[in-house]
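Throughout, read-outs are computed from the coordinates displayed, never taken from laboratory work. These numbers come from a predicted model, not from an experiment. Glycine also receives a Cβ, built like all others from the backbone with ideal geometry; neighbour counts cover every protein chain displayed.
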Amino acid sequence: MRVTSSLAWQLGSCYRQSGSTSCNGDTYLSLDNGGAVHIGVGAALTEEQYAGSQTWERAYTAEVTAWWANDFDLLLTPAAGAPPALLEELLPPPEDPLAILPRFERIWCFAAPFSVTGQPAISLPVGTTATGVPVGVQLVAALGREDLLLRVAAQIEQAAPWAARHPPL
């Protein structure tokens, strides 16, 4: 399993050293089932595995960010890979907290790459499903181009205001 989460490593490191999820007085994660799983993953990582995941992240970031070197300003993607879920659909079963991951992967598949690369991205509501649930698009900019991203997002908001819209409850 490739683990690319620095948070899992940090939590595991804190847990190995202190037996808790607190480091320097800050509590990073409660010990619910999901938190315990992340701590377990991080605590089980060797330094070599962590270093390998960091090397992979740097190579992946270089590969993804190279796309913007071809004179592209922004990338437009769906905001999510699946329609919004009901909250109860996102609660993992207590006996298997990781069982929810496939559902989350379908939702975050367009956002996750840019969480890894650290590129600026914004999700904008632009429409609704037939039942009135908001759906959106994601705009992604090159590293350091938050200015462009925010200018275009503001233009979209001005052209298609969203603030007064509310999904059905």
Report summary line: Note on the stretch 70-169: contact order normalised by length, alpha-carbon pairs under 8 Å, 6 or more apart, percent, works out to 30
Query raised in the report: Where the centroid of each part is defined by its Cα atoms, how far is the stretch 109-123 from the stretch 58-101 in Å?
Result: 7
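In debye, nearest 20, what is the charge dipole magnitude of the stretch 70-169 about its Cα centre with +1 on Lys and Arg Cβ and -1 on Asp and Glu Cβ, if you could check?
On the way: 5 positive and 10 negative charges, 51 e Å.
That gives the stretch 70-169 a dipole magnitude of about 240 debye.
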Query raised in the report: For labels at residue 99 and residue 128 in the simple 7 Å Cα→Cβ model, what's the distance in nm?
Result: 3.4
Query raised in the report: To the nearest 20 debye, what charge dipole does the stretch 41-126 have about its Cα centre, counting +1 at the Cβ of each Lys and Arg and -1 at the Cβ of each Asp and Glu?
Result: 180
Requested in this report: Answer with one residue from 74, 155, 97: the one whose Cα lies farthest towards the positive end of the charge dipole of the stretch 70-169, charges on Cβ with Lys, Arg +1 and Asp, Glu -1.
Outcome: 155
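Please compute the length gained on full extension between residue 64 and residue 147, using 0.36 nm multiplied by the number of residues separating them and subtracting their Cα-Cα distance.
Working: separation 83, 0.36 × 83 = 29.88 nm, distance 1.99 nm.
Taking residue 64 through residue 147 to full extension adds about 27.9 nm, to one decimal.
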